[in-house]
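Nothing in this text is a laboratory measurement; each read-out follows from the coordinates by a stated rule. If you're wondering where the values come from, they're calculated on a predicted model, not measured in any experiment. So basically every Cβ, Gly included, is an ideal-geometry build from the backbone, and we count neighbours across all protein chains shown.
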Amino acid sequence: MSEWLDRVFCEDALTGLSRIPDGAVDLILTDPPYNLGKDYGNASDQQGEAEFLAWTARWIDLAIPKLKDNGSLYIFATWRYSPEIFVMLKQRLTMMNEIIWDRRVPSMGGSVRSFSSVHDTIGFFVKRKDYYFDLDAVRIPYDEATKKARSRSIFVGSKWLELGYNPKDLWSVSRLHKEHPERAEHPTQKPLEIIERMIKASCPLGGIVLDPFMGSGTTALAASRTGRRFTGFELNEDYCAIIEQRLTTPIADTIAQSKAAKRARKAAADTTNQE
Ligand SMILES: C[S@@+](CC[C@H](N)C(=O)[O-])C[C@H]1O[C@@H](n2cnc3c(N)ncnc32)[C@H](O)[C@@H]1O
């Protein structure tokens, strides 16, 4: 077995990417620092604008050669730098979609001199026209009521009605709030639902997913849950420990741990209130 497969290396992606042979991965799925000043225990999200864009171009040029010819790349960004990053990527790959992830942020105040930003911008890029894409794996089934409502003879036997419709480019999935069972101690952890959809659509079973910026390891976990292989990097040792834990603890146990922690917090609060 290749020593770089099914592992997340706790090291700088810009040096670590040399471990991976060129043309070896089916999918690059990544959520790099956004340069919004977030604290990941390192300065990666707190760079000057020119420095950040030069750094982004550097890792992109190290990562793209790792893709197979029919491979794809998904990248999370925010409106602040998605224009520059998407132009960079369009010079190297073909852009297929801009997906908007509506994080379903509840309305509670927000910006007062502009509109509150409640979405991430995701770029979907491919290397060549014959890229791998499995639409059937990500179709969204209709509920029985809708199926019944579309029972006119012209619809009978339609694949979209039987297997479900193809997802649109607006994805409305709740962010992971503090009490969410999936939630790990990472400030920008992404929901498995979103990452698994990308993997199922753009990486064949048994294929390889690369994420140079693993954070809490969502990409690795999603790959493993969907029968794909993974590789990647994370700079922060505490996050590397979280990745290890997420990869070895079944989600059911995580949910049980989270419920137990919630009960303990409630019991502690009740005790404090009685004192
Ligand atoms: C936006 S977060 C990724 C979150 C991840 N998608 C998740 O669901 O948990 C970006 C991560 O990149 C890591 N990082 C920043 N610079 C890095 C580098 N040069 N090499 C590897 N990881 C890096 C940060 O520590 C941070 O955890």
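Mind telling me which of L176, L163, L14 comes out most flexible in a GNM of the chain, alpha-carbon contacts under 10 Å?
Largest GNM mean-square fluctuation: L163.
If each residue's Cβ is checked for other Cβ atoms within 10 Å, how do R19, R113 rank with the fewest at the top?
Result, fewest neighbours first: R113, R19.
GNM, the chain, Cα, under 10 Å: largest mean-square fluctuation among A145, A43, A77?
Its mean-square fluctuation being the largest, the pick is A145.
Cα-Cα over 32 Å: which of K129/K178; K178/K200; K38/K90; K148/K168; K38/K200; K90/K190?
Pairs exceeding the cut-off: K129/K178.
Got a sec? How would W101, W79 order by Cβ neighbour count within 10 Å, fewest to most?
Exposure proxy ranking, most exposed first: W79, W101.
Name the helices (complete DSSP H segments) of the chain with a Cα length along the long axis of 30 Å or more and a Kyte-Doolittle mean of at least -1.0, or state none.
251-274
For the chain, modelled as a GNM with alpha-carbon contacts under 10 angstrom, which of Y239, Y40, Y142 fluctuates the most?
Result: Y142 has the largest fluctuation of those listed.
For the chain, just say rounded, prolate or oblate: build the C-alpha gyration tensor, square-root its eigenvalues into a ≥ b ≥ c, call rounded for a/c under 1.5, and beyond that prolate if a/b exceeds b/c, oblate if not.
In terms of gyration-tensor shape, rounded.
With +1 assigned to the C-beta of every Lys and Arg and -1 to the C-beta of every Asp and Glu, and no other charges, what is the dipole magnitude of the chain about the Cα centre in debye, to the nearest 20?
The dipole of the chain has a size of about 1120 debye.
Add -39500 (n - 2.57) for each DSSP H run of 4 or more in the chain, then divide by its residues: what number comes out at 222 nm, to the nearest 500 deg cm²/dmol?
-10000 deg cm²/dmol
For the residues R229, R150, what sequence is obtained by ranking on other C-beta atoms within 10 Å, fewest first?
The fewest-first ordering by Cβ neighbours comes to R150, R229.
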